[in-house]
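What follows is one structure encoded as structure tokens, with my remarks underneath.
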Amino acid sequence: MTPQELEAARDRLVPDVVAGGLRVLFCGINPGLMSAATGHHFARPGNRFWPVLHASGFTPRLLLPAEQEELLEYGLGITNVVARATARADELGPAEFREGGRLLAAKVELLRPKWLAVAGVTAYRTAFGDKRAGIGPQERTLGGTRIWALPNPSGLNAQWTLPRMAEEFARLRAAADADD
């Protein structure tokens with residue numbers, strides 16, 4: 001993909017992969033330019049979402065971003081806090097995150113997943129006004145939906161190794177399995 005093609009994807013939307021009653025609705029911060037250009041969530045090479053999803057036991061094999069619709073077969077889905085694509089999440093302002101949190105809450109009320117898993121604790125804090133939130137299950141719920149803040153799977157998040165991140169995702173999987 002050329003730099004011009006990536007730049008042309010700026011501000012595009014990437015359709016959600018959702019259905020009612022999911023076990024876990026994963027929520028990214030916002031689509032990157034590669035995701036917007038391809039129409040697939042977590043599409044940038046180096047993003048660890050798909051490998052971590054498999055390593056944690058959510059999927060029986062490593063899925064490619066182009067296979068994202070298969071998540072529905074496992075009771076999983078993907079959305080974003082902020083819908084518009086940017087090159088970096090730091091291009092988004094607090095007001096955009098808060099509005100994204102409001103829209104996300106409405107989406108969760110409609111779809112009623114068992115868990116909302118926000119991949120990026122800072123995005124969660126800003127979107128929901130919870131400055132003290134940490135990685136893991138949150139006290140806040142959205143209707144009957146419980147919330148889990150996960151580490152951001154971006155390759156830029158070097159403080160979380162793939163094995164350590166997979167352990168956190170596996171904790172969420174165990175909680176979701178216990179709800180079944």
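Among (1) of a type outside the set (D, E); (2) touching a Ser or Thr at 6+ places or on another chain (Cβ under 9 Å); (3) open to solvent by 50 Å² or more (accessible area, probe 1.4 Å), which single condition is L13 missing? The number of the failed condition is (2). Figure legend. Inter-residue proximity from the range 57-72: first residues in contact (Cβ under 8 Å) with a residue 12 or more places away in the chain, second residues among the charged types (D, E, K, R) and open to solvent by 90 Å² or more (accessible area, probe 1.4 Å), beta-carbon distance below 9 Å, spacing 6+ or different chains. Indicated pairs: P65/R44.
Can you go through P113, P151 and tell me which one is under 16 Å from the mean Cα position of the chain (by Cα), surrounded by 13 or more Cβ atoms within 10 Å (Cβ to Cβ) and within 19 Å of V14 (Cβ to Cβ)?
Working: P151 fails: within 19 Å of V14 (Cβ to Cβ).
The match here is P113.
Of R61, R84, all but one fail to be closer than 30 Å to G129 by Cβ and open to solvent by 20 Å² or more (accessible area, probe 1.4 Å); the exception is R84. A search for C-beta distances below 8 Å between a residue of the range 153-180 that is within 17 Å of G28 (Cβ to Cβ) and modelled with pLDDT of 90 or more and any residue that is in a loop (DSSP other than H, G, I, E, B) and open to solvent by 70 Å² or more (accessible area, probe 1.4 Å), counting only pairs 6+ apart in sequence or on different chains, returns nothing.
The values are calculated or read from the model by the stated rules, or taken from the named source; none is laboratory data. Quantities reported herein were computed from a predicted structural model and do not represent experimental measurements. Glycine gets a Cβ as well: all are built from the backbone with ideal geometry, and neighbour counts include every protein chain shown. In case anyone asks, the SASA skips ligands and DNA or RNA and just uses the protein heavy atoms, side chains included. Shrake-Rupley method; radii C 1.70, N 1.55, O 1.52, S 1.80 Å.
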